[in-house]
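Computed from the coordinates by the stated procedures, all read-outs in this text should not be read as laboratory data. Source: prediction; values computed, not measured. In this analysis, Cβ positions are derived from the backbone assuming ideal geometry, glycine residues included, and neighbour counts consider all displayed protein chains.
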Amino acid sequence: MKKLWKIIKYLLYIIAGFLLVDLAVIVFFSVYRPVMQKADAIIVLGAAINTPALYNRTLEGLKLYNQGDSNVMVLSGGVDYPKSIPEAVYMQNVILQNASTVPDLVLDENAHSTYENLKNTRDKIGTRKSIIIVSDSFHLARAVLLAKRLGFGPVYWSSPSPGYYSADELAYYYLREVLAMIDYIPKFIFG
């Protein structure tokens, strides 16, 4: 019985260590910002329609475009619930309402996950390889690592200020992202 408890204890230490490393990677990407250089495309990743997350991600992408960080914006997100417009169309509407000049927009209206966002984008922008990913800070690690695995490079990233989340919501989303990173391990390995 002592030996079994010892094995269980070491197994729990390994799992806890793995989860801490996972969280450390997520926090690193949410805090660290690379020195941005002009990229071939800005990719704004979708979120639920009519949420502060999607609205602010879109404005962050537009800000980067207006700064001259890229000449192309890819808006990626499909329909998140029946009878709604695709997230990409919502983002396009936000840009049209807030832009002084309309950017060169590429819409991906079929993506339903981070993996599909980036895979579909790769198919749409062809030879363009350097990208800036725009998403919420807690989501950047998974998106950036996956983009690199799918062949993009260099990959830069940015996020809007998370002020539209409460502390409890942020804690929830960081915890959720720890689990999502684990779920994406096969995609990180096999692409």
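Details
- Theoretical gain in end-to-end length, residue 21 to residue 168 [0.36 nm per residue, Cα-Cα removed]: 50.8 nm
- All Cα pairs of segment 118-191, percent lying beyond 14 Å: 63 percent
- Segment 3-190, dipole about Cα centre (Lys/Arg Cβ +1, Asp/Glu Cβ -1), debye to the nearest 20: 740 debye
- Estimated inter-spin distance, residue 9 and residue 28, nm [label 7 Å along Cα→Cβ]: 3.1 nm
- Length-normalised contact order of the chain in % [C-alpha pairs under 8 Å, at least 6 apart]: 24 percent
- Mean-position separation - Cα centroids, segment 136-191 and segment 43-98, in angstrom: 17 Å
- Extreme residue, positive dipole direction of the chain, given options 19, 41, 117 (C-beta unit charges): 19
- Each residue in 136, 104, 69 was given a count of other beta-carbon atoms within 10 angstrom of its own, and listing them fewest first yields 104, 69, 136.
- Whether the chain is rounded, prolate or oblate, judged on the alpha carbon gyration tensor where a/c under 1.5 counts as rounded: prolate
- Leading residue at positive end of dipole, the chain (Cβ point charges), from 4, 96, 162: 4
- With Cα atoms, 0 to 90° folded angle of helix 52-66 axis to the chain main axis: 60 degrees
- Counting charges near residue 56 (Lys, Arg +1; Asp, Glu -1) among other residues having Cβ under 12 Å from its Cβ returns a value of 0.
- Based on DSSP H segments of at least four residues, each scored -39500 (n - 2.57), the chain has a per-residue ellipticity at 222 nm of -17500 deg cm²/dmol.
- Ordered by the number of other Cβ atoms lying within 10 Å of each residue's own Cβ, fewest first, 121, 101, 51 fall into the sequence 101, 51, 121.
- Here the Karplus relation 6.51 cos²θ - 1.76 cosθ + 1.60, evaluated at θ = phi - 60°, turns the backbone of segment 111-121 into coupling constants of 7, 10, 7, 4, 4, 5, 3, 7, 5, 5, 4 Hz, with x for every Gly and Pro.
- Per-peptide packing, taken as the mean over residues of other Cβ atoms within 10 Å, places 162-170, 1-9 in the sequence 162-170, 1-9 from highest down.
- Summarising the amide proton neighbourhood of residue 70: residues at separation of 5 or more, or on other chains, whose placed amide H is nearer than 5 Å comprise 39.
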